[in-house]
Amino acid sequence: MAYGTNPEDRYSYGEVSDADRREFLKALGIIAGGSIAGATLRDLRGEVSSGAAGELAEMGEAVRAGLTGTLDAALLTEELAGLEESFELLPQLAAMGVPEQGASAYQELTTSAWAINDHLAEVGFFASAEENLPAFTPEHIEETTRQLLHIEELPATLSEIGFAEGEQTALVTNIVNAREQLSWWMKTPAYPPADAVDDGVVHEYVAPLHQRAAEGSLLWIDGLDHFLWQREPLITAEMIDRGLWDTKSMLGGYYLLGSAARDLAAGDIADEHLTTLTTASTALTIISQEFLINDVVRILDEDRAPRTEPSTAR
């Protein structure tokens, strides 16, 4: 999972260490001295300049112009309200632990997100984003994150869906601290064709980059009911907690994407913010699904719950 510089030591499960924050600020060209524990997004905004807003605006304008259909503001508003309710279910999942056989508690979290996803694909949003936005280079991640911190509504939006201030900071620092890992997700045309190399792809069967990331995150969440039940003897309380953070992060990314699309439909979003939120939200779905795999799906023997000794009673 980890490519280039190992991101595992710099991934925050809702609480950011001083080392993680310093790595984040260093990536954005800021040298932080002493302890910066407890820093909020508003605090970080004061430390970070807004970056290349003009270039990001041009990209966002191109995404807007590249749509092949009309975004439905009413549909997006309705489904976003449904997605808000999914966040309210997360404490119940924490209390439940491992789902029973045949349960659908995790699948129920993604119903509204899938409706948003299908609509965005139908109007060509994902295709336009792939055509008009850069791939996930570290430089693009750094520039969009600078702009992300300067979206004044961001803290309030994340608070509304249940992200505490420390969790909000974790979301943003995770994006930057995993920028090398993100760069391994390429645009569809960048993959070699199947007729050229053995492990190439048929491009027409591969979804655009942002759609792959978004749908991948929803599929992983949908699978958790079965994955957790199937691995119950291996599962620890820490795995449940980490898996729920990964899930919350993916849903948070999807909520930001849906919110940006709703505001685009209403003509109520700046072009640079469209670029920023599309990039940041997709990055969150990528990071979180990759960590989810190691947190609860592919469990190493040294991380599993202790084995239960067989009974010797007769």
inquiry  = Probe of 1.4 angstrom, ligands and nucleic acids ignored: what's the accessible area per residue over segment 27-111, in square angstrom?
reply    = 54
note = Share of Cα-Cα pairs in segment 161-219 beyond 19 Å, whole percent, is 51
query = For the chain, what relative contact order do you get, as a whole percent, if you take Cα pairs closer than 8 Å and at least 6 residues apart?
reply = 30
remark   = Counting Lys and Arg as +1 and Asp and Glu as -1 over every other residue whose Cβ sits under 10 Å from the Cβ of D271, the net charge comes to -2
query = Nearest 10 degrees, 0 to 90: what angle lies between the long axis of helix 53-65 and the longest principal axis of the chain (Cα atoms)?
reply = 80
key: Helix 271-292 axis, angle to the chain major axis (alpha carbon atoms, nearest 10°)   = 20
inquiry  = Counting only helical runs of four or more DSSP H residues, what would the 222 nm mean residue ellipticity of the chain come to if each run contributes -39,500 (n - 2.57) and the total is spread over all its residues?
reply    = -19000 deg cm²/dmol
request  = Please give the per residue volume of the convex hull enclosing the alpha carbon atoms of the chain, rounded to a whole number of Å³.
outcome  = 160
remark   = Counting only protein heavy atoms with a 1.4 Å probe and every protein chain in place, the carbon and sulfur fraction of the accessible surface of the chain in whole percent equals 48
ask   = Which three semi-axes in whole Å describe the equivalent ellipsoid of segment 70-228, each the square root of 5 times a Cα gyration tensor eigenvalue, listed largest first?
value = 28, 22, 18
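About the Cα centre, and with charges only on the beta carbon of Lys, Arg (+1) and Asp, Glu (-1), how big is the dipole of the chain? Nearest 20 debye, please.
It comes to approximately 600 debye.
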query = Expressed in nm to one decimal, what extension gain is obtained for the pair E61 and Y205 from 0.36 nm per residue of sequence separation less their Cα-Cα distance?
reply = 49.1 nm
query = For helix 111-122, what angle does its Cα long axis make with the longest principal axis of the chain, in degrees from 0 to 90 and rounded to 10?
reply = 40
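The values are calculated or read from the model by the stated rules, or taken from the named source; none is laboratory data. Being a predicted model, the structure only gives us computed values, none of them experimental. No Cβ is skipped: glycine too gets one built from the backbone with ideal geometry, and neighbour counts run over all protein chains shown. These area figures cover heavy atoms from the full protein model, side chains too; ligands, DNA and RNA do not enter into them. Shrake-Rupley method; radii C 1.70, N 1.55, O 1.52, S 1.80 Å.
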